[in-house]
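Okay, structure first, notes after.
The values are calculated or read from the model by the stated rules, or taken from the named source; none is laboratory data. Computed from a predicted model, the values in this text were never measured in an experiment. As a convention, Cβ positions derive from the backbone with ideal geometry for all residues, glycine included, and neighbour counts pool all protein chains shown. Just the protein is used for accessible areas: all its heavy atoms, side chains included, with ligands, DNA and RNA removed. Shrake-Rupley method; radii C 1.70, N 1.55, O 1.52, S 1.80 Å.
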Amino acid sequence: MSDLIDVAIIGGGPAGTTAALYAARGKARTVIFERSMMGGQIVTTDHVDNYPGFPEGISGPELGELMHQQALAHGAEIMQFVDITNLKHLDDGTFELTADDETYTARAVVLASGSVPSKLGIPGEEEFTGRGVSWCATCDAAFYKEKDVAVIGGGDAAVEEAIYLTKFAKKVYLIHRRDEFRAAATLVDKVRETSGIEIITPYNPVEIKGEDGKVSGLVIESADDKSTRELAVSGVFEFVGANPQNVLAYDLLERDERGYIITGNDGSTKVPGLFCAGDITQVPLKQIVTAAASGAIAGFYAVAYVDKKD
């Protein structure tokens with residue numbers, strides 16, 4: 001692809017596809033670069049019931065595909081399974097994007113590469129990923145009907161997912177490394193009142209065990225006296241934070257203490273023509289609807305930037 005791109009979008013999740021929709025509708029040549037599956041993390045979500053316009057809810061893969069098709073219908077181009085590994089801001093104000101041996105030039109860029117869940121880094125985690133270790137209760141809860149599971153974490157996500165899992169699991173252990181939770185007080189009150197949840201603090205997970213290729217237990221260690229105990233569980237759900245995929249802009253842009261990109265209200269950054277949207281930014285609520293909204297803003301103002309340069 002040697003022709004100049006007006007707006008290059010890195011990431012094909014809700015933020016990227018919505019940015020593409022708005023940029024393409026603005027008559028800009030718009031190209032999405034997605035290294036994996038279109039739709040981002042929502043393709044791993046079984047059911048989405050909080051996205052406007054779907055009173056009965058919708059599956060994550062279906063919603064992701066609808067967003068993908070809508071961007072295409074308005075003229076956006078898709079470069080799927082193309083991994084942009086380098087981004088440069090050139091002296092003439094354009095941007096050079098590199099993937100393998102290919103280079104692409106764009107007048108403006110929307111970085112919407114999202115974030116990925118943090119991992120514990122303990123023995124058994126990698127071995128049993130997808131075989132009892134999960135980062136999405138909504139996706140996998142149904143596999144644990146009448147089974148015991150563990151939830152790791154102390155934030156809103158961990159508490160909310162622990163409550164959700166009680167709809168399926170026989171028992172839910174909620175394990176946090178501190179006595180105090182970071183989650184909202186109302187959520188903490190609710191989890192304490194929910195039957196079927198046993199809170200274990202302050203403990204750290206140290207090993208995930210398995211039998212016949214599946215999770216069979218979790219070893220946890222007391223933060224006070226280092227004593228250990230093993231919980232007989234069939235599933236381990238981890239909610240210990242997320243890592244913004246900011247490597248492409250690491251040397252270009254300002255980040256907050258957690259690594260999220262700092263933007264203006266229009267998605268702009270300190271680099272003219274470089275916009276950011278979605279979970280890579282410092283927006284406090286990481287949801288599909290907020291990712292789509294920030295994508296719309298970034299896409300709109302990326303086109304305005306290009307038009308101003310003409």
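Filter the range 139-168 down to residues that are among the β-branched types (Val, Ile, Thr) and either assigned to a loop (DSSP other than H, G, I, E, B) or within 16 Å of LYS214 (Cβ to Cβ) (or both), then give me how many there are. Spell out the reasoning first.
As a first pass, look at the range 139-168 and keep what is among the β-branched types (Val, Ile, Thr): 149, 151-152, 159, 163, 166.
From what is left, the residues that are either assigned to a loop (DSSP other than H, G, I, E, B) or within 16 Å of LYS214 (Cβ to Cβ) (or both) are 149, 166.
Selection size over the range 139-168: 2.
Exactly one condition in (1) among the hydroxyl-bearing types (Ser, Thr, Tyr); (2) more than 29 Å from ASP101 (Cβ to Cβ); (3) in contact (Cβ under 8 Å) with a residue 40 or more places away in the chain is not met by SER59; state its number.
Answer for SER59: the failing condition is (3).
What number of residues within the range 286-310 are open to solvent by 60 Å² or more (accessible area, probe 1.4 Å) and in contact with a Ser or Thr (Cβ under 7 Å, 6 or more places away or on another chain)?
Qualifying residue count, the range 286-310: 1.
Can you list residue pairs whose Cβ atoms sit under 7 Å apart, with the first residue in the range 263-284 being touching a residue at least 24 places away in the same chain (Cβ under 8 Å) and the second being open to solvent by 30 Å² or more (accessible area, probe 1.4 Å) and among the basic types (Lys, Arg)? Count only pairs 6 or more apart in sequence or on different chains.
GLY273/ARG107; ASP279/LYS286
Name the residue that is surrounded by the most Cβ atoms within 10 Å (Cβ to Cβ), counting only residues in the range 180-204 that are closer than 18 Å to ARG229 by Cβ and either at pLDDT below 95 or of a type in the set (S, T, N, Q) (or both).
In this case the residue turns out to be ASN204.
Does LYS209 satisfy being modelled with pLDDT of 95 or more, assigned to a loop (DSSP other than H, G, I, E, B) and over 23 Å from the mean Cα position of the chain (by Cα)?
On the way: modelled with pLDDT of 95 or more: yes; assigned to a loop (DSSP other than H, G, I, E, B): no; over 23 Å from the mean Cα position of the chain (by Cα): yes.
Against the criterion (modelled with pLDDT of 95 or more, assigned to a loop (DSSP other than H, G, I, E, B) and over 23 Å from the mean Cα position of the chain (by Cα)), LYS209 does not qualify.
In the range 212-227, which residues are open to solvent by less than 90 Å² (accessible area, probe 1.4 Å), touching a residue at least 12 places away in the same chain (Cβ under 8 Å) and farther than 11 Å from ILE152 by Cα?
Our first condition is that a residue be open to solvent by less than 90 Å² (accessible area, probe 1.4 Å); within the range 212-227, this holds for 213, 215-223, 227.
Restricting the remaining residues to those that are touching a residue at least 12 places away in the same chain (Cβ under 8 Å) gives 213, 215-223.
If the condition is that a residue be open to solvent by less than 90 Å² (accessible area, probe 1.4 Å), touching a residue at least 12 places away in the same chain (Cβ under 8 Å) and farther than 11 Å from ILE152 by Cα, then GLY213, VAL215, SER216, GLY217, VAL219, GLU221, SER222, ALA223 are the ones that fit.
If you take the residues of the range 114-138 that are in contact with a Gly (Cβ under 8 Å, 6 or more places away or on another chain) and not in a loop (DSSP other than H, G, I, E, B), which of them is surrounded by the most Cβ atoms within 10 Å (Cβ to Cβ)? Spell out the reasoning first.
Narrowing the range 114-138 to residues in contact with a Gly (Cβ under 8 Å, 6 or more places away or on another chain): 114, 117-118, 124, 127-128, 131-134.
Going one step further and asking which of them are not in a loop (DSSP other than H, G, I, E, B), we end up with 117, 133-134.
Numbers: PRO117: 15, VAL133: 23, SER134: 25.
Going through the qualifying residues, I end up with SER134.
Failed condition for ALA28, given (1) in a helix (DSSP H, G or I); (2) within 24 Å of LEU248 (Cα to Cα), with all others met?
Going through the list (1) in a helix (DSSP H, G or I); (2) within 24 Å of LEU248 (Cα to Cα), ALA28 breaks only (1).
Based on this model, can you work out whether VAL48 counts as hydrophobic (A, V, I, L, M, F, W, C), open to solvent by 50 Å² or more (accessible area, probe 1.4 Å), within 17 Å of THR138 (Cα to Cα) and under 21 Å from the mean Cα position of the chain (by Cα)?
On the way: hydrophobic (A, V, I, L, M, F, W, C): yes; open to solvent by 50 Å² or more (accessible area, probe 1.4 Å): no; within 17 Å of THR138 (Cα to Cα): yes; under 21 Å from the mean Cα position of the chain (by Cα): yes.
Answer is no for this residue.
Need a quick list: strands (runs of 3 or more DSSP E) entirely within the range 59-102 having at least 2 residues that are in contact with a Leu (Cβ under 9 Å, 6 or more places away or on another chain) and either more than 17 Å from GLU34 (Cα to Cα) or open to solvent by less than 40 Å² (accessible area, probe 1.4 Å) (or both).
Values: elements: 77-80, 86-89, 95-99.
Correct list: 86-89, 95-99.
Of the conditions (1) in contact with a strand residue (DSSP E or B) (Cβ under 6 Å, 6 or more places away or on another chain); (2) in a helix (DSSP H, G or I), LEU187 clears all except one; give me its number.
Every condition holds for LEU187 apart from (1).
Find the residue count for the range 167-179, including only residues that are within 19 Å of CYS139 (Cβ to Cβ) and surrounded by fewer than 18 Cβ atoms within 10 Å (Cβ to Cβ).
The qualifying residues number 1.
Considering only residues of the range 238-285 that are part of a loop (DSSP other than H, G, I, E, B) and among the hydroxyl-bearing types (Ser, Thr, Tyr), which is most open to solvent (accessible area, probe 1.4 Å)?
First, the residues of the range 238-285 that are part of a loop (DSSP other than H, G, I, E, B): 239-241, 245-246, 250-254, 256-260, 262-267, 269-273, 277, 282-285.
Filter once more, so that each one left must be among the hydroxyl-bearing types (Ser, Thr, Tyr): 250, 260, 263, 269.
Values: TYR250: 117, TYR260: 15, THR263: 35, THR269: 24 Å².
Once the filter is applied, the top-ranked residue is TYR250.
For the range 25-39, name all the residues that are of a type outside the set (D, E, K, R), over 21 Å from LEU87 (Cβ atoms) and open to solvent by 10 Å² or more (accessible area, probe 1.4 Å). Reasoning before the result, please.
As a first pass, look at the range 25-39 and keep what is of a type outside the set (D, E, K, R): 26, 28, 30-33, 36-39.
So of that shortlist, the ones also over 21 Å from LEU87 (Cβ atoms) come out as 26, 37, 39.
Across the range 25-39, the qualifying residues are GLY26, MET37.
Inside the range 286-310, can you point out the residues that are of a type in the set (Ser, Thr, Tyr), under 29 Å from VAL48 (Cα atoms) and either touching a strand residue (DSSP E or B) at 6+ places or on another chain (Cβ under 8 Å) or part of a loop (DSSP other than H, G, I, E, B) (or both)?
Going through the range 286-310, the residues of a type in the set (Ser, Thr, Tyr) turn out to be 290, 294, 301, 305.
In the following step, the residues that additionally are under 29 Å from VAL48 (Cα atoms) were identified as 290, 294, 301.
Of everything in the range 286-310, those that are of a type in the set (Ser, Thr, Tyr), under 29 Å from VAL48 (Cα atoms) and either touching a strand residue (DSSP E or B) at 6+ places or on another chain (Cβ under 8 Å) or part of a loop (DSSP other than H, G, I, E, B) (or both) turn out to be SER294, TYR301.
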